[in-house]
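Notes to accompany the following structure.
The values are calculated or read from the model by the stated rules, or taken from the named source; none is laboratory data. These numbers were taken from a predicted model, which means no experiment stands behind them. Cβ placement follows ideal geometry from the backbone for every residue including glycine, while neighbour counts extend to all protein chains displayed. Heads up: the accessible areas ignore ligands, DNA and RNA and are worked out on the full protein's heavy atoms, side chains in. Shrake-Rupley method; radii C 1.70, N 1.55, O 1.52, S 1.80 Å.
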Amino acid sequence: MIIAEYSALFKTCIFGYAKCKAGVGMITFEPLWETLKRKNISQYTLIKEYGVSTGTLDALRKNRSVTLNTLNDLCNMLQCDITDIIQFTPDKT
């Protein structure tokens, strides 16, 4: 999937541990940590070699809001797809 497909979802969701406003589900960055491990890239490397801010990493660790531009940058840095960075889990109703 591409980032544009997630755009509407990001605009309506509250990130973090809260659920989406419409009860749609939750977005986490768990796949990012798996991708970093698989590619043998540390958070330190993201900061020192790729220029990722500590604030951005903190937001990602806490599943808080980040911009689509940040997601695009991460996909380009890691040469991966958006699904290698985020995961959407729908609510169980």
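Computed values, structure above
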| quantity | calculated |
| --- | --- |
| Residue within segment 9-25 that is at pLDDT 90 or above, in a loop (DSSP other than H, G, I, E, B) and open to solvent by 70 Å² or more (accessible area, probe 1.4 Å) present | no |
| Per-region count, segment 84-93, residues among the charged types (D, E, K, R), open to solvent by 70 Å² or more (accessible area, probe 1.4 Å) and not in a loop (DSSP other than H, G, I, E, B) | 0 |
| Subset of segment 51-61 that is over 16 Å from TRP33 (Cβ atoms) and part of a loop (DSSP other than H, G, I, E, B) - its residue that is farthest from the chain's Cα centre (by Cα) | GLY51 |
| Top-ranked residue in segment 62-83 [being touching a Leu at 6+ places or on another chain (Cβ under 8 Å) and assigned to a helix (DSSP H, G or I); ranked as surrounded by the fewest Cβ atoms within 10 Å (Cβ to Cβ)] | MET77 |
| Hits in segment 42-61 - residues which are open to solvent by 80 Å² or more (accessible area, probe 1.4 Å) and more than 19 Å from ASN76 (Cα to Cα) | ARG61 |
| Long-range neighbours under 9 Å by Cβ, at least six apart or interchain, first residue on the phi > 0 side of the Ramachandran plot within segment 65-79, second at pLDDT 95 or above | GLN79/LYS39 |
